[in-house]
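Okay, so here's the structure we're looking at.
The values are calculated or read from the model by the stated rules, or taken from the named source; none is laboratory data. Just so it is clear, the model here is predicted, and its values are computed rather than measured. With ideal geometry, Cβ positions are generated from the backbone for all residues, glycine too; neighbour counts draw on all protein chains shown.
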Amino acid sequence: MEAQKLLLEAEAKWQEREADPDYQRHKQGEWRIFQSRRGSAPGDNCVAMWSREGGAVSIVGPGKAYQGGMLIFWGADIPRPSDTQTVAVTLKQSKYQPQSVKALNFSVPDIQAGAIGLTVPNIEAALDTMLDVEHFIVEMDGRAVADIGWTGGLEARTKLSQCVSDR
């Protein structure tokens, strides 16, 4: 009897979670556009982040420390080193040939995912390559550590561009 009651309670909680609009947006994927650091000057540290269950990808714009842009992948399968490391990765994208590049592998306290950051010369280069629908696979040591795609990239690109243009 007790096991059946626990099973019914677990089923009810699962159904409640599935009905939650916030959970559905997270499960399906959603864009957030924001400045990553409080007190940033207008146009600095702008971020467009697509997140969904299982991972995230961010396009990050210039700040005081780095005037270029970055494409950052977040995921549970990405290593979480205690110190930032330079690693070799292969980036596969929807429309482009696979590229073997050097990337930064890092972790952030209190975030349970590791990160792989690829630098781009400037935020405009990152904006110019954003597609409306995109899919990425990042391989490290021959295995996929990130596999994520987005939709709504053109609208996110417009919003990120507006944030950056405030510089």
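This table checks each residue for (1) under 18 Å from Q162 (Cβ atoms); (2) not hydrophobic (A, V, I, L, M, F, W, C).
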{"position": "I33", "(1), (2)": "yes, no"}
{"position": "R38", "(1), (2)": "no, yes"}
{"position": "C46", "(1), (2)": "yes, no"}
{"position": "N105", "(1), (2)": "no, yes"}
{"position": "D128", "(1), (2)": "yes, yes"}
{"position": "V133", "(1), (2)": "no, no"}
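Restricting L154, L104, L91, L118 to residues that are surrounded by 15 or more Cβ atoms within 10 Å (Cβ to Cβ) and within 16 Å of A48 (Cβ to Cβ) narrows the list to L118. Looking only at residues of segment 71-88 that are under 21 Å from M49 (Cβ atoms) and among the small types (G, A, S), we find that the one that is nearest to the chain's Cα centre (by Cα) is G75. Cβ separations smaller than 7 Å between residues 6+ apart or across chains give the following pairs from segment 71-90 residues that are in contact (Cβ under 8 Å) with a residue 24 or more places away in the chain and in a strand (DSSP E or B) to residues that are surrounded by fewer than 18 Cβ atoms within 10 Å (Cβ to Cβ) and among the acidic types (D, E): V89/E139; T90/E139.
Pairs linking a residue in segment 144-165 that is under 14 Å from I33 (Cα atoms) to a residue that is of a type in the set (S, T, N, Q) and modelled with pLDDT under 95, with Cβ atoms under 9 Å and 6 or more positions apart or on different chains, are C163/Q35. Among all residues of segment 60-69, there is none that is surrounded by fewer than 20 Cβ atoms within 10 Å (Cβ to Cβ), in a loop (DSSP other than H, G, I, E, B), of a type in the set (D, E, K, R) and touching a His at 6+ places or on another chain (Cβ under 9 Å).
Being closer than 19 Å to Q85 by Cα, assigned to a loop (DSSP other than H, G, I, E, B) and out of contact with any Pro (no Cβ under 8 Å at 6 or more places or on another chain) is a description that applies to I111. Per the conditions (1) part of a helix (DSSP H, G or I); (2) at pLDDT 90 or above, the sole criterion not satisfied by A10 is (2).
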